[in-house]
Amino acid sequence: MRVLLFTGKGGVGKTTVAAATATLAAGRGRRTLVVSTDTAHSLADALGVPPSDAPVEAAPGLHLQQVDTQRSLERHWGELRDYARDVLAELGLDEVTSEEITVLPGAEEVIALLELREQARSGRWDVIVVDCAPTAETLRLLALPEALDWHVNRLLPAGRRLLGALSPVIRHVAKVSVPQGEVISAGERLHRGLLEVRALLAGDDASVRLVLTPEAVVVAEARRTLTSLSLYGYRVDAVIANRVFPAEDADEWRRRWVEAQARQLAGVHESFAPLPVLTVPYLPGEPVGTEALARVGEELYRGRDPFARPDVEPPLRISADELSLRLPLADRDDLDLARKGDELIVTAGSHRRVVALPAALARREISSAALRDGRLRVRFEAGGAR
Ligand SMILES: Nc1ncnc2c1ncn2[C@@H]1O[C@H](COP(=O)(O)OP(=O)(O)OP(=O)(O)O)[C@@H](O)[C@H]1O
Ligand SMILES: [Mg+2]
């Protein structure tokens, strides 16, 4: 099963491109689900179907699900409440109400992730396309399982035990499993669910496509997004430039746009290399409905196979004496590195990731750290226990 996530600044065409990709997948015989958490129902509008909380068929082989966070909250309430209770109990507080749960960081995002996991586990889909919220929220959403991981690790001794048994690398690829019949708390179950989502989204079959329009402000944001997605361990496998003005028969007004966009596009190719930059022309009307969307899909991917496994290695690499993290377009001045026991805290701009060091490195001192060619390399001293 292939998972494709689309993100980018507000209004650049995420929903359109996600819907076009999903339509193409279904047209090529893949059982496809396209998911959105957007309360504005744009995805349903683009596909011309009524919004539905359960997967509804929009075209042969193409299903759409519009996650209703309120209804999902009710459905997952038990799990969430128990989780919140565990966390709050550790903090010395005892009761939690449904109003209070929303103050927990990222409650809505947790819900969307749980829905995604259920669909992924159902075995019903060959391709799941996720139409993500605009950049900032998406990053929060994607970082959430790991952020919670960190809290739970601290707060729940059981969580610590569960995680301790798995190295970060194994956690990455393996589904966490427990022996049959073992009794585990709802909080732990939720936590494990989130780890599964994280493994799914950062796994070998998932990738993120960054959507932008060739405009200075949008491109600047896309660059920062690429850095933070990589920081969190997600693979970006393409950049999609939408609303590119055709150069043919341009009047003076359009000619200026064509020139300005060409300059931006040249910059995009240069800074995002080696990622492919795919383009969608500015169409004479809104691409709405499966026919128009399928055409956008064909135009977008041309000869490429959009559903092949991403040909991008995971950003985090750990060897016997080095930890390295790909941070494309990261600015040295915005980067910070801190060591806290067996964890490495990497900050890039306003984003932070806590990397749990494997036992072999956790015992050793850091000898050097450098950012070179878009990769942060942290070297550890040979042997010597701390
Ligand atoms: N290449 C294009 N040519 C013409 N119209 C387009 C093109 N791409 C998108 N549109 C139109 O632009 C509008 C915004 O696109 P879309 O909803 O896909 O953006 P979005 O990034 O999902 O926005 P939001 O951040 O609000 O979710 C829609 O009306 C869509 O039909
Ligand atoms: Mg949208």
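Just to verify a result, which residue in the stretch 14-43, among those that are within 15 Å of Val130 (Cβ to Cβ) and of a type in the set (Gly, Ala, Ser), is most open to solvent (accessible area, probe 1.4 Å)?
Restricting to residues being within 15 Å of Val130 (Cβ to Cβ) and of a type in the set (Gly, Ala, Ser), the top hit is Ser42.
For the stretch 24-41, give me each residue that is touching a residue at least 60 places away in the same chain (Cβ under 8 Å) and either within 13 Å of ligand 1 (Cβ to nearest atom) or touching a Lys or Arg at 6+ places or on another chain (Cβ under 6 Å) (or both).
Hits for the stretch 24-41 are Val34, Ser36, Thr37, Asp38.
Is it the case, given these coordinates, that Thr227 is more than 30 Å from Asp331 (Cβ to Cβ) and crowded, with 18+ Cβ neighbours inside 10 Å?
Answer is no for this residue.
Could you pull out the residue among Ala250, Ala266, Ala262, Ala308 that is over 23 Å from the mean Cα position of the chain (by Cα), assigned to a loop (DSSP other than H, G, I, E, B) and away from ligand 2 (no atom under 16 Å from the Cβ)?
Selected residue: Ala250, the only one of Ala250, Ala266, Ala262, Ala308 that is over 23 Å from the mean Cα position of the chain (by Cα), assigned to a loop (DSSP other than H, G, I, E, B) and away from ligand 2 (no atom under 16 Å from the Cβ).
Working only within the stretch 16-37, note down all residues that are at pLDDT 95 or above and either polar (S, T, N, Q) or near ligand 2 (Cβ under 10 Å from one of its atoms) (or both).
The answer is Thr16, Val17, Ala18, Ala19, Thr21, Thr23, Thr32.
Of the conditions (1) within 16 Å of ligand 2 (Cβ to nearest atom); (2) open to solvent by 10 Å² or more (accessible area, probe 1.4 Å), Asp53 clears all except one; give me its number.
Looking at each condition in turn, Asp53 falls short on (1).
Need at least 1 residues that are touching a residue at least 60 places away in the same chain (Cβ under 8 Å) and among the hydroxyl-bearing types (Ser, Thr, Tyr) per element, so show me which strands (runs of 3 or more DSSP E) inside the stretch 332-386 make the cut, counting only ones lying wholly within it.
Passing ranges: none, list empty.
The values are calculated or read from the model by the stated rules, or taken from the named source; none is laboratory data. For clarity, every value in this text was computed on a predicted model and none was experimentally measured. Positions of Cβ are generated from backbone atoms using ideal geometry, with glycine treated the same way; all protein chains shown enter the neighbour counts. Note: areas computed on protein heavy atoms with side chains; ligands, DNA, RNA excluded. Shrake-Rupley method; radii C 1.70, N 1.55, O 1.52, S 1.80 Å.
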